[in-house]
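Have a look at the structure below, then the notes.
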Amino acid sequence: MEVQQHISQQYNKDLKSIKSNVLSMGCLVELQVQNAIYALLNQDQELAKEVSVSDYKINKMEMEIDADCAKVIAKRQPAAGDLRLVIAVVKIITDLERIGDEAEKIGRYAKKMALKEVAAEMHAELSSLGSKVMTILHDTLDSFARMDAQQAIKVVASDAQIDDEFNKISRLLLTHMMESPRNIKHMLRVTWCVRALERIGDHSQNICEHVVYSVNGKDVRHVHLNKPHQGD
Amino acid sequence: MMNKRSEFDVEINDTKGTPFIDNAKISARNVEVFYEKKQAIFNTSIDIGKNQIVAMIGPSGCGKSTFLRCLNRMNDTIQSCQIRGEIKLDNEDIYARQQDPVLLRARVGMVFQKPNPFSKSIYDNVAYGAKLHGLTSNQVELDDLVEKSLMRAGLFNEVKDDLHKPGTGLSGGQQQRLCIARTIAIDPEVILMDEPTSALDPIATAVIEELMIELSKKYTIVIVTHSMQQAARVSQRTAYFHMGHLIEVNDTNTVFTNPEHQLTENYITGRFG
C-alpha cells in the first residue's frame with residue numbers, strides 16, 4: 001500500500017533521503033562483498049588490496065546516516081511507522097557496517113593468500129558459498145528497498161543454507177589440515193574467510209528482521225520465523 | 001436507526017484496539033451526540049479505568065471535546081445538544097433523572113484550555129467550591145483544605161505569602177495550577193482536562209504534566225490534547241477520534257509505535273489532511 005505523504009514536505013524529504021542513503025550504503029557494501037569474494041576466488045591481489053582500503057567509505061556513510069536519524073528524531077519526533085523506520089535504519093546501518101568489516105577482512109586475507117593456490121575442491125565450495133551469500137545480501141537489500149516483510153522473512157529462513165554450507169566447508173578444511181599440516185596457516189586463512197562469509201549471512205538476517213519490524217511492528221528477533229509462533 | 005455515515009464508512013464501523021477494560025471507573029456505551037440535526041459523535045463506547053490517565057486525540061472538530069464534556073454533563077448547558085447512549089460512573093447512570101448535574105460535576109471536575117481563575121484572591125479561588133458544597137465546618141479546616149489543595153497542585157510554595165492577592169495576577173502556568181487546585185479542593189473522583197496546557201509555555205507544560213502523573217495516583221484523569229507528544233508522555237491509554245467516530249483505543253505505547261488503524265497512523269505521523 002502506498003503510504004500517504006506527510007503534511008510537511010520537508011519531513012517527507014528527510015525520511016526519503018535517509019532511506020535512499022541506506023540503499024546507497026547497501027550498494028557500496030554489496031560491491032565490497034562482491035569484490036572481496038572475486039578477489040579471493042581469482043587470487044586478484046590488486047582487487048583484494050582495493051577492498052581492504054575502501055571500508056572507510058562505508059564507515060563514513062554509517063556515521064552520516066546515524067546523524068540524519070538523530071536529527072529527524074530531534075526535529076520531528078517520529079511516531080508509529082516513521083518511528084519504526086528510523087529505529088530500524090539505525091540498526092540496519094550497524095549491520096551493514098559490520099558486513100563491510102567482514103568484506104574488508106576477506107580482502108586482507110585474500111591479499112596474503114593470492115600467491116597460494118586454493119585447492120580445486122575448496123575453490124568450488126568457496127564459490128558456492130560466496131554466491132549464496134551474495135544472493136542473500138542482495139535479497140536483503142531488495143526487501144528493504146521495497147519494504148517487503150514477506151521477502152525479508154524468506155531471506156531469514158534461507159540463512160540456514162549458509163550455515164549448512166559453512167559447516168560442510170569447515171569439515172573439509174579440517175580434513176585438509178590433517179592431511180597436509182604444512183598448509184595449516186593457509187587453511188586457517190581460508191577458514192577465517194569462510195567464517196566472514198557466514199557472518200555476512202548472519203548480519204543480512206538481522207537486517208531482514210529489522211525490515212519486518214519496520215513494516216509491521218513485530219519484533220521477530222530470537223524467534224524461529226520458519227515455525228509458526230504465538231500471536232500470529 | 002441508520003446513522004448518516006462518513007466517507008470512511010467501511011473502515012470505521014468498529015473501534016479498533018481495546019476500548020473495554022475490567023473495573024472501569026467510567027463506562028460509555030453507544031454514545032451519540034447531536035447538535036440539532038448535525039451528529040457530532042457516532043456510536044462511541046469506551047471504558048476509562050480507575051487512576052488511569054486516558055488521552056483523547058484527534059484533529060479539530062473530531063468530537064473529542066464534545067465527548068469529554070459528556071462525561072460531566074457540561075453539554076447540558078447547550079440547548080441544541082442531544083445525547084443518546086449510556087454513560088456510567090461507578091456503575092451509576094450519570095444521565096439518570098435523579099442525578100443532580102451539580103453534584104456530578106463535584107465528582108467529575110474539569111480544567112479548561114484557558115486558565116480561568118475567578119477574579120478573587122488565590123485563597124478564595126480554592127476555597128470557593130469547598131464553601132459551596134459545605135465541605136468544611138470551620139475556618140481552620142478550610143485553611144487546611146486550601147493549603148493541601150495548593151500543595152497537591154504544586155503551587156503552594158510559590159504563592160504561600162500571597163494567598164490574599166488576586167489569582168488573576170499569577171502567570172499562565174500558575175493560574176492553570178490554581179484552577180487544578182480549585183478542582184481538587186472539592187475532592188473529585190475524576191478530572192477532565194480540555195487541552196489544559198495549550199496556552200502554556202513548555203516549562204509550565206512540563207510542570208502540569210508532572211502534576212497530572214502525580215494526581216493520577218488519587219484521581220482518574222481524562223485529557224483532551226492537541227499535542228500528540230503530550231498524550232504519549234502522560235497517558236496510559238490513548239483514544240483517537242476522527243470525524244465523530246472513535247477509531248482506536250489502545251495502550252499508549254501501542255498507539256505511538258504500532259497503531260492498529262490506518263487513520264490513527266496517518267494522524268500521529270502527520271499525514272492527516
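Being within 12 Å of another protein chain (Cβ to nearest Cβ) and in a helix (DSSP H, G or I) holds for only one residue in A:11, A:56, A:38, and it is A:11. Filtering segment A:148-191 to residues that are of a type in the set (Lys, Arg) and either in contact with a Lys or Arg (Cβ under 8 Å, 6 or more places away or on another chain) or under 27 Å from residue A:211 (Cβ atoms) (or both) leaves A:154, A:189. Restricting attention to segment A:1-21, the residues that are surrounded by 14 or more Cβ atoms within 10 Å (Cβ to Cβ) and either touching a His at 6+ places or on another chain (Cβ under 7 Å) or among the basic types (Lys, Arg) (or both) add up to 2. Contact map, segment B:23-38: residues that are at positive phi paired with residues that are among the charged types (D, E, K, R), Cβ distance under 8 Å, separation 6+ or inter-chain. Pairs shown: B:23/B:50; B:30/B:84; B:30/B:86.
Residue-by-condition table, conditions (1) under 23 Å from residue B:235 (Cα atoms); (2) surrounded by fewer than 17 Cβ atoms within 10 Å (Cβ to Cβ):
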position: B:58; (1), (2): yes, no
position: B:83; (1), (2): no, no
position: B:99; (1), (2): no, yes
position: B:105; (1), (2): yes, no
position: B:114; (1), (2): yes, yes
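When segment B:174-194 is filtered for residues that are open to solvent by 10 Å² or more (accessible area, probe 1.4 Å) and either of a type in the set (Val, Ile, Thr) or out of contact with any Ser or Thr (no Cβ under 6 Å at 6 or more places or on another chain) (or both), the ones remaining, listed by number, are B:174, B:175, B:177, B:182, B:183, B:186, B:187, B:189.
For segment A:22-42, residues that are open to solvent by less than 50 Å² (accessible area, probe 1.4 Å) and touching an Asp or Glu at 6+ places or on another chain (Cβ under 9 Å) total 7. From B:252, B:269, B:220, grab the single residue that is more than 21 Å from residue B:190 (Cβ to Cβ) and among the hydroxyl-bearing types (Ser, Thr, Tyr). One residue alone meets the criteria, B:269.
Cβ-Cβ contacts under 6 Å between residues 6 or more apart (or on different chains), taken from a first residue in segment B:103-122 that is basic (Lys, Arg) to a second residue that is open to solvent by less than 20 Å² (accessible area, probe 1.4 Å), are listed as B:105/B:72; B:107/B:188. Scoring residue A:79 on the criteria (1) touching a residue at least 40 places away in the same chain (Cβ under 8 Å); (2) over 25 Å from residue A:40 (Cα atoms); (3) surrounded by 21 or more Cβ atoms within 10 Å (Cβ to Cβ) leaves a single failure, condition (1). Considering only segment A:197-214, I want to know if a residue exists there that is over 14 Å from the mean Cα position of the chain (by Cα) and open to solvent by 50 Å² or more (accessible area, probe 1.4 Å). The answer is yes; a qualifying residue exists.
Checking the stated criteria, residue B:270 turns out not to satisfy the condition of being open to solvent by less than 10 Å² (accessible area, probe 1.4 Å), over 17 Å from residue B:206 (Cα atoms) and not aliphatic (A, V, I, L, M).
For segment B:164-173, a residue qualifies if it is open to solvent by less than 30 Å² (accessible area, probe 1.4 Å) and within 17 Å of residue B:128 (Cα to Cα), and exactly one does: B:167. Evaluate segment B:61-76: report whether one residue or more is hydroxyl-bearing (Ser, Thr, Tyr) and either surrounded by fewer than 17 Cβ atoms within 10 Å (Cβ to Cβ) or part of a strand (DSSP E or B) (or both). No, there is no match, as no residue in segment B:61-76 is hydroxyl-bearing (Ser, Thr, Tyr) and either surrounded by fewer than 17 Cβ atoms within 10 Å (Cβ to Cβ) or part of a strand (DSSP E or B) (or both). Name the residues in segment B:239-264 that are more than 9 Å from chain A (Cβ to nearest Cβ), more than 11 Å from residue B:18 (Cβ to Cβ) and polar (S, T, N, Q), would you? Answer for segment B:239-264, where residues must be more than 9 Å from chain A (Cβ to nearest Cβ), more than 11 Å from residue B:18 (Cβ to Cβ) and polar (S, T, N, Q): B:252, B:253. Within segment B:181-204, if we keep just the residues that are at pLDDT 90 or above and within 21 Å of residue B:57 (Cβ to Cβ), the residue that is farthest from the chain's Cα centre (by Cα) turns out to be B:197. Of all residues in segment B:90-102, those that are more than 23 Å from residue B:132 (Cα to Cα) have Cβ atoms under 9 Å from Cβ atoms of residues that are hydroxyl-bearing (Ser, Thr, Tyr), 6 or more apart or on another chain, in B:91/B:27. For residue B:208, the conditions (1) open to solvent by less than 10 Å² (accessible area, probe 1.4 Å); (2) more than 21 Å from residue A:85 (Cβ to Cβ); (3) modelled with pLDDT of 95 or more are fulfilled apart from (3). Considering segment B:217-234, the residues that are among the polar types (S, T, N, Q) and open to solvent by less than 10 Å² (accessible area, probe 1.4 Å) include one that is farthest from the other protein chains (Cβ to nearest Cβ), namely B:220. State whether one or more residues within segment A:88-103 are surrounded by fewer than 23 Cβ atoms within 10 Å (Cβ to Cβ), over 14 Å from the mean Cα position of the chain (by Cα), in a helix (DSSP H, G or I) and free of Cβ contacts under 8 Å to residues at least 40 places away in the same chain. Yes: segment A:88-103 contains one or more residues that are surrounded by fewer than 23 Cβ atoms within 10 Å (Cβ to Cβ), over 14 Å from the mean Cα position of the chain (by Cα), in a helix (DSSP H, G or I) and free of Cβ contacts under 8 Å to residues at least 40 places away in the same chain.
The values are calculated or read from the model by the stated rules, or taken from the named source; none is laboratory data. Since the model is a prediction, treat every value here as computed from it, not as a measurement. No Cβ is skipped: glycine too gets one built from the backbone with ideal geometry, and neighbour counts run over all protein chains shown. The accessibility values were calculated without ligands, DNA or RNA, using every heavy atom of the protein model including side chains. Shrake-Rupley method; radii C 1.70, N 1.55, O 1.52, S 1.80 Å.
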